[in-house]
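Comments concern the structure below.
Throughout, read-outs are computed from the coordinates displayed, never taken from laboratory work. Just so it is clear, the model here is predicted, and its values are computed rather than measured. Every residue, glycine as well, gets a Cβ built from its backbone with ideal geometry; the counts of neighbours run over all protein chains shown.
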Amino acid sequence: MSSTNSASESPLKNALYRFLWVTMFASDIGVAMQSVGSGWLMTSLSPSPFIVALLQMATSLSIFLLALPAGALADIVDRRKLFLGTQYFSLAVAAILGILTFGGFTTSSILLVFTFLLGLGNAMSLPVNIVIQTELVPKKKALAAMTLFSVAIYIGLAVGPLLGGLVVAAAGPWAVFMLNALSFVGIIVFLHRWHKPSERKLL
């Protein structure tokens with residue numbers, strides 16, 4: 001009986017949450033694949049260990065700079081629009097990098113800049129993403145929703161590098177960047193179709 005009740009409490013029973021969770025999982029895999037592609041490309045563009053190390057710093061710096069401001073902004077502005085904006089931004093950055101790389105125009109400096117920009121998009125989206133996920137389920141399921149969110153991230157970090165390595169070996173890093181761009185589409189579709197109940201009442 002208790003196991004049945006426990007299962008019924010799963011946030012994945014909620015269709016909206018399940019849709020967002022699946023799309024976020026795909027995006028987590030895409031981001032992890034992007035890291036593999038960026039690392040491989042940087043080592044081929046520059047033999048300097050310092051330049052390669054800057055790649056990781058570019059991501060970490062963006063999170064360091066925007067973690068607190070992004071959290072504050074999520075409490076002030078329309079969360080759905082903010083989240084939607086970050087996803088469009090990240091999609092555009094990843095796609096442009098993919099096109100530049102496919103055309104052979106990407107340099108180590110360009111890669112660092114685009115990696116930093118992707119980090120900015122991720123840093124801006126994380127706080128509002130967390131809040132929206134908890135808004136999709138009853139308060140008593142919020143903790144379970146956050147746990148599942150963490151599970152998606154860790155599985156993505158495990159699966160993404162493997163898939164990224166296979167794609168890089170088969171087609172090159174540009175393909176990984178384009179796949180990462182596509183991974184944001186699901187979240188964008190969800191955000192265009194979802195509105196908070198309070199927002200519907202105001203219309």
Legend entry - Crossing angle, helix 142-171 versus the chain [Cα axis fit, 0-90 degrees, rounded to tens]: 30 degrees
Inset, instruction - Pop a pseudo-label 7 angstrom from the Cα along the beta-carbon direction at both residue 105 and residue 50 and give the gap in nm to one decimal. - result: 2.9 nm
Inset, instruction - Convert each backbone phi in the stretch 100-110 into a coupling constant with the Karplus relation 6.51 cos²θ - 1.76 cosθ + 1.60 (shift: θ = phi - 60°), then list the ³J(HN,Hα) values in order as whole Hz, x for Gly and Pro. - result: 4, 5, 4, x, x, 9, 6, 10, 4, 5, 4
Legend entry - Theoretical gain in end-to-end length, residue 157 to residue 195 [0.36 nm per residue, Cα-Cα removed]: 10.7 nm
Legend entry - Nearest 10 degrees, 0 to 90: helix 15-45 Cα axis against the chain principal axis: 10 degrees
Inset, instruction - With +1 on each Lys and Arg Cβ and -1 on each Asp and Glu Cβ, and nothing else charged, work out how big the dipole of the stretch 73-173 is about its Cα centre, in Debye to the nearest 20. - result: 320 debye
Inset, instruction - Would you please give the residues with an amide H less than 5 Å from that of residue 184, counting only those at least 5 places away or on a separate chain, with H modeled from the backbone geometry? - result: none
Legend entry - Sorted by Cβ neighbour density within 10 Å, fewest at the top, the residues 154, 88, 17: 154, 88, 17
Legend entry - Ascending count of other beta-carbon atoms within 10 Å, so fewest first, for 157, 100: 157, 100
Inset, instruction - Quote the relative contact order of the stretch 1-139 in percent (integer), defining contacts as alpha-carbon pairs under 8 Å separated by 6+ residues. - result: 36 percent
Legend entry - Residue-averaged 222 nm ellipticity for the chain, from DSSP H runs of 4+ at -39500 (n - 2.57), nearest 500: -29000 deg cm²/dmol
Inset, instruction - Tabulate in residue order the Karplus-calculated ³J(HN,Hα) for the stretch 78-91, using 6.51 cos²θ - 1.76 cosθ + 1.60 with θ = phi - 60°, rounded to whole Hz; enter x for Gly and Pro. - result: 5, 5, 4, 5, 5, 4, 4, x, 5, 6, 4, 4, 5, 4
Inset, instruction - In whole Hz, with x marking every Gly and Pro, tabulate ³J(HN,Hα) for the stretch 67-73 from phi via Karplus 6.51 cos²θ - 1.76 cosθ + 1.60, θ = phi - 60°. - result: 4, 6, x, 5, x, 5, 5
Inset, instruction - Classify the stretch 83-203 as rounded, prolate or oblate from the Cα gyration tensor: take a ≥ b ≥ c as the square roots of its eigenvalues, call it rounded if a/c is under 1.5, otherwise prolate when a/b beats b/c and oblate if not. - result: prolate
Inset, instruction - Compute the length gained on full extension between residue 73 and residue 182: take 0.36 nm times their separation in residues and subtract their Cα-Cα distance, giving the result in nm to one decimal. - result: 36.6 nm
Inset, instruction - Counting other beta carbons within 10 Å of each Cβ, put 140, 13 in order, fewest first. - result: 140, 13
